[in-house]
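Here is the structure we will look at.
The values are calculated or read from the model by the stated rules, or taken from the named source; none is laboratory data. Predicted model only: the values in this text are computed from it and were never measured. FYI the Cβ positions are ideal-geometry reconstructions off the backbone, even for glycines, and counts take in every protein chain you see. Just the protein is used for accessible areas: all its heavy atoms, side chains included, with ligands, DNA and RNA removed. Shrake-Rupley method; radii C 1.70, N 1.55, O 1.52, S 1.80 Å.
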Amino acid sequence: MKKVFLGALLVVSLTTFAQEEKKAGSKRAEMEKMTPEQRGELRLKRVSAMLNLNEKQQKEIAPILAEQQQKREKAVADFKAMKEKGTKPTAEERAGRAKQREEDQKAMTDKLQKILTPEQMKKWEDIKTENKEKMKDRMKRRSEETEKKE
């Protein structure tokens with residue numbers, strides 16, 4: 001009887017654990033199901049909430065975010081196409097993409113400076129820095145996990 005009870009408890013706990021893992025990945029799946037316009041609206045809402053934007057600022061920032069979203073989606077599509085072909089970008093291509101990304105970020109920052117208040121701009125820069133650090137941590141963890149598997 002104890003063995004049956006422990007077995008049932010084990011099955012229930014494993015099932016619950018598996019469902020929790022699915023929930024963690026569901027946010028990404030939900031985002032992929034959205035149209036580009038829906039993702040843009042969601043991003044605008046998040047940015048508006050973070051920076052406490054007024055309606056005028058929201059209307060001015062919306063096309064900037066939409067343009068950024070289009071560039072990001074094009075880059076992802078290009079990356080996927082290369083991956084499917086089994087080719088890797090050359091060092092020159094990677095350097096060119098990095099330079100283009102920096103130029104795009106600088107242009108976006110310049111556009112935002114014309115719209116945001118100095119306090120909002122500082123907060124925007126702080127958020128960008130924080131997100132960069134989070135990305136570095138995730139990439140470091142990912143590389144450590146792949147090293148453990150090998």
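Residues in the range 97-107 carry Karplus couplings, in order, of 5, 5, 5, 4, 4, 4, 5, 4, 5, 5, 5 Hz; the curve used is 6.51 cos²θ - 1.76 cosθ + 1.60 with θ = phi - 60°, and Gly or Pro positions show x. Projected label points at ILE64 and GLU84, each 7 Å from Cα along the beta carbon direction, are separated by 3.4 nanometres.
Here the range 22-150 has 53 percent of its accessible surface on carbon and sulfur atoms, given a 1.4 Å probe and all protein chains in place. Taking all protein chains into account, the per residue accessible area for the range 35-109 stands at 77 Å² (1.4 Å probe).
With the Cα gyration tensor of the range 69-150 giving a ≥ b ≥ c as the square roots of its eigenvalues, does the rule (a/c under 1.5 for rounded; else a/b larger than b/c for prolate; else oblate) give rounded, prolate or oblate?
The shape class here is oblate.
Which whole-angstrom value gives the distance between the alpha carbon centres of the range 44-58 and the range 92-150? Computed from Cα coordinates, the inter-centre distance equals 20 Å. Residue pairs exceeding 20 angstrom between C-alpha atoms, taken from LYS27/LYS134; LYS45/LYS74; LYS33/LYS74; LYS71/LYS106: LYS45/LYS74. Each residue, GLU125 and ALA75, gets one label point 7 Å from its Cα in the Cβ direction; the gap between the two is 2.1 nm. At full extension, THR146 and MET34 could sit 37.3 nm farther apart than now, given 0.36 nm per residue minus the alpha carbon distance.
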